[in-house]
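The values are calculated or read from the model by the stated rules, or taken from the named source; none is laboratory data. Please read all numbers here as calculations on a predicted model, not as lab measurements. As a convention, Cβ positions derive from the backbone with ideal geometry for all residues, glycine included, and neighbour counts pool all protein chains shown.
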């Protein structure tokens, strides 16, 4: 698992405000789901600061179509379970090279490495701040 390293470090106040937003919580849930399915180079972009298209983009790389489908499926399940929301639109499920889950305020992109490199969403949306993904602490196994 890798998370983007060139991350905007928001002020504590700004972070506390974001943490209260459901869309931010959904984006974090999608990023954690991508990590659970071994997604790589997971990026959380605050699109709301540069566009009215959405509030957040979550972008993750998978290295097979099956993995891309698993990342998207896990993100969809996590958001459904935690927030009771279904995507407004899903694109790319048939092909599996780039699956997009559009929730209106959050857009999740699960992509094969070739598609991610070719379309380079991070460069296109480069003026949007990258935010830190907060992964849960791994649980330590207790010995009997």
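The criterion of at least 2 residues that are surrounded by 16 or more Cβ atoms within 10 Å (Cβ to Cβ) is met, among strands (runs of 3 or more DSSP E) falling completely within region 50-130, by 56-62, 98-102, 106-112. Take the conditions (1) at pLDDT 90 or above; (2) surrounded by fewer than 17 Cβ atoms within 10 Å (Cβ to Cβ); (3) farther than 16 Å from residue 124 by Cα; residue 10 misses just one of them, which is (1). Looking at 46, 78, 54, 72, just one residue is at pLDDT below 95 and under 12 Å from the mean Cα position of the chain (by Cα), and that residue is 46.
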